[in-house]
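Written out below as structure tokens is the structure these notes cover.
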Amino acid sequence: MGGVELVLPKEYGFVVIVLVLYSLVNFWMAFQVGKARKKFKVPYPILYAIESENKDAKLFNCIQRGHQNSLELMPVFFTLMILGGMKHPGVCAALGLVYIVARFFFFKGYATGDPKNRLTIGKYGFVAVMGLMVCTVSFGVSLLL
């Protein structure tokens, strides 16, 4: 039976650790949404509170949206980290840490109830994603050469 041997650089371990760290941050965000559900009385399966029914709807919705947005971008982040890290593990791990810090502040800013606050430091997450895209394209090109 034939197979493909995948040899990853030793530093790829940093990529793996950063991915686990992001998963922990994501669990923390989910916990914050759960606390907000109790505090603002937004039961499951309701995804967003209705402003006409809940005076704290905007604040809850901002907390929920901060986590939801992070979930929406998670597959992109993981894919770019996993693939780009195969060729550039150190750079991708560093960019991944920048992304995690930016995502934390994105969530904290959003959770204030003023969506503009999510971009104060959170905007740097997009810079990190762009860097991860460059690393992933570099990996793809190296496979073609």
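The values are calculated or read from the model by the stated rules, or taken from the named source; none is laboratory data. Please read all numbers here as calculations on a predicted model, not as lab measurements. Every residue, glycine as well, gets a Cβ built from its backbone with ideal geometry; the counts of neighbours run over all protein chains shown.
Within region 105-125, the residues that satisfy the criterion of being assigned to a helix (DSSP H, G or I) and either without any contact (Cβ under 8 Å) to a residue 24 or more places away in the chain or farther than 19 Å from residue 75 by Cβ (or both) are 105, 108, 109, 110, 115, 116, 117, 118, 119, 124. Out of curiosity, is residue 67 surrounded by 18 or more Cβ atoms within 10 Å (Cβ to Cβ), over 15 Å from the mean Cα position of the chain (by Cα) and not β-branched (Val, Ile, Thr)? No; evaluated as a whole, the condition is false for this residue. Against the test of being within 28 Å of residue 8 (Cα to Cα) and buried (at least 17 other Cβ atoms within 10 Å of the Cβ), the options 140, 125, 109 yield a single qualifying residue, 125.
Residue check: is residue 75 over 27 Å from residue 135 (Cα atoms) and surrounded by fewer than 16 Cβ atoms within 10 Å (Cβ to Cβ)? Outline the logic, then answer.
Details: over 27 Å from residue 135 (Cα atoms): no; surrounded by fewer than 16 Cβ atoms within 10 Å (Cβ to Cβ): yes.
The answer is no for residue 75.
Do the conditions hold for residue 12, that is, is it closer than 23 Å to residue 115 by Cα and touching a helix residue (DSSP H, G or I) at 6+ places or on another chain (Cβ under 8 Å)?
The answer is no for residue 12.
Checking each residue in region 42-85 for being assigned to a loop (DSSP other than H, G, I, E, B) and of a type in the set (Asp, Glu) picks out 51, 53, 56. Selection of region 78-92 for residues being surrounded by 22 or more Cβ atoms within 10 Å (Cβ to Cβ) and small (Gly, Ala, Ser) yields 84, 85.
Consider residue 104 carefully, then state whether it is surrounded by fewer than 17 Cβ atoms within 10 Å (Cβ to Cβ), closer than 20 Å to residue 14 by Cβ and under 14 Å from the mean Cα position of the chain (by Cα). No, not satisfied. When residue 94 is tested against (1) in contact (Cβ under 8 Å) with a residue 12 or more places away in the chain; (2) assigned to a helix (DSSP H, G or I); (3) small (Gly, Ala, Ser), exactly one condition is not met: (1). If the condition is being outside any helix (DSSP H, G or I) and surrounded by 10 or more Cβ atoms within 10 Å (Cβ to Cβ), then region 1-41 contributes 8, 9, 11, 41. Taking residue 74, is it at pLDDT 95 or above, touching a helix residue (DSSP H, G or I) at 6+ places or on another chain (Cβ under 6 Å) and hydrophobic (A, V, I, L, M, F, W, C)? Here the answer is no, as residue 74 does not meet what is asked.
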